[in-house]
1. Scan region 16-43 for residues that are within 19 Å of Gln83 (Cα to Cα) and not in a helix (DSSP H, G or I) and jot them down.
2. Being part of a loop (DSSP other than H, G, I, E, B) and either of a type outside the set (Gly, Ala, Ser) or closer than 25 Å to Val128 by Cβ (or both) is the filter here, so list the residues in region 179-189 that pass it.
3. Can you work out which of the residues in region 228-248 that are hydrophobic (A, V, I, L, M, F, W, C) and part of a helix (DSSP H, G or I) is most open to solvent (accessible area, probe 1.4 Å)?
4. Pull up region 15-63, narrow it to residues that are crowded, with 17+ Cβ neighbours inside 10 Å and in contact (Cβ under 8 Å) with a residue 60 or more places away in the chain, then point me to the one that is farthest from Ala116 (Cα to Cα).
5. Please determine, by comparing only the residues of region 75-88 that are in a loop (DSSP other than H, G, I, E, B) and open to solvent by 40 Å² or more (accessible area, probe 1.4 Å), which one is nearest to Ala140 (Cα to Cα).
6. With the condition kept exactly as written, say whether any residue in region 89-98 is at pLDDT 95 or above, open to solvent by 40 Å² or more (accessible area, probe 1.4 Å) and outside any strand (DSSP E or B).
7. Here is a list of conditions, (1) in contact with a strand residue (DSSP E or B) (Cβ under 6 Å, 6 or more places away or on another chain); (2) within 16 Å of Ala219 (Cβ to Cβ), and Phe130 meets all of them except one; can you say which number that is?
8. Residue by residue through region 226-249, note down the ones that are in contact with a strand residue (DSSP E or B) (Cβ under 6 Å, 6 or more places away or on another chain) and over 17 Å from Leu110 (Cβ atoms).
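The values are calculated or read from the model by the stated rules, or taken from the named source; none is laboratory data. Remember, predicted model here, so these are calculated numbers, not experimental data. Virtual Cβ from ideal backbone geometry, glycine too; neighbours counted across all protein chains shown. All accessible areas refer to the heavy atoms of the entire protein, side chains included, with ligands and DNA or RNA removed. Shrake-Rupley method; radii C 1.70, N 1.55, O 1.52, S 1.80 Å.
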Amino acid sequence: MLLAIDIGNTNIVLGVYADGQWSHHWRVRTVREKMADEYDVLFRALFHEAGLSPGDFQRVALCCVVPPLTGIISEMVTHSMKQRPLIIGPGVRSGLRIRTDNPAEVGADLVANAVAAYDRLRTNCIVVDFGTATTFTAVAVPGDLLGVAIAPGLETSAGALTERTSQLPRIHLQPPPAAIGRNTIHSMQAGLVFGHVGLVKELIDRMSAEMGDKVQAIATGGLSGALAPLIGRFVAVDPWLTLDGVRLIAERNPA
């Protein structure tokens with residue numbers, strides 16, 4: 001039984017993989033100030049609700065883009081689960097060749113996304129991850145991670161807009177009735193949601209043109225379910241894709 005952990009800037013996503021399938025998923029808020037013991041209490045509560053205990057896991061693997069939490073979660077796993085987790089990063093075998101100028105600076109979550117997408121599609125592909133940032137990771141046959149584009153995520157853009165203006169409120173991020181807004185809320189929704197849709201379409205199209213051959217796109221991340229249907233460029237939508245990449249990397253790096 002594998003516990004896969006994806007530590008992002010906004011959320012920590014956990015998944016339990018056993019007998020060839022994912023049996024449980026959780027998404028909790030990332031809190032940088034929490035200590036290892038506090039995360040231990042949180043994780044134990046999630047496990048207990050699912051009928052699991054920390055001792056049930058034969059393997060733990062994690063990717064993290066919040067450096068202070070790498071050590072905290074690793075300490076918690078080592079103490080609570082009596083094993084050292086596999087931490088995805090430089091030196092860990094991914095099965096892909098990273099063709100960027102500085103492979104060590106490519107985020108562990110982006111590598112995991114690329115691994116999972118290429119394993120599933122087996123063709124030139126682009127992974128769009130709708131998170132704190134909206135990231136675009138290009139992977140080419142026979143398994144080359146070519147590079148990445150990074151844009152502000154939809155919620156990040158909305159937060160910056162309300163924080164830096166005096167009269168614009170926080171809004172629910174959903175498509176408005178029309179692109180021409182007739183009130184403040186619809187006007188903001190048009191600019192934010194439809195604007196983000198346009199951003200994603202443009203980057204997919206530009207990256208696909210640069211990659212040349214037929215390219216497939218796959219969406220992941222917390223907002224993928226809401227945004228992917230508006231974009232119409234994806235062959236698959238999987239909000240847990242990063243965890244599947246963590247699993248595949250763990251399998252390629254036996255304990």
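1. If the condition is that a residue be within 19 Å of Gln83 (Cα to Cα) and not in a helix (DSSP H, G or I), then Val16, Tyr17, Ala18, Met35 are the ones that fit.
2. Residues satisfying the conditions are Ala179, Ile180, Arg182, Asn183.
3. Leu230
4. Arg59
5. By that ranking, first place goes to Arg84.
6. Among the residues of region 89-98, at least one is at pLDDT 95 or above, open to solvent by 40 Å² or more (accessible area, probe 1.4 Å) and outside any strand (DSSP E or B), which makes the answer yes.
7. (1)
8. Those that are in contact with a strand residue (DSSP E or B) (Cβ under 6 Å, 6 or more places away or on another chain) and over 17 Å from Leu110 (Cβ atoms): Leu227, Ala228, Arg233, Phe234, Val235, Ala236, Val237.
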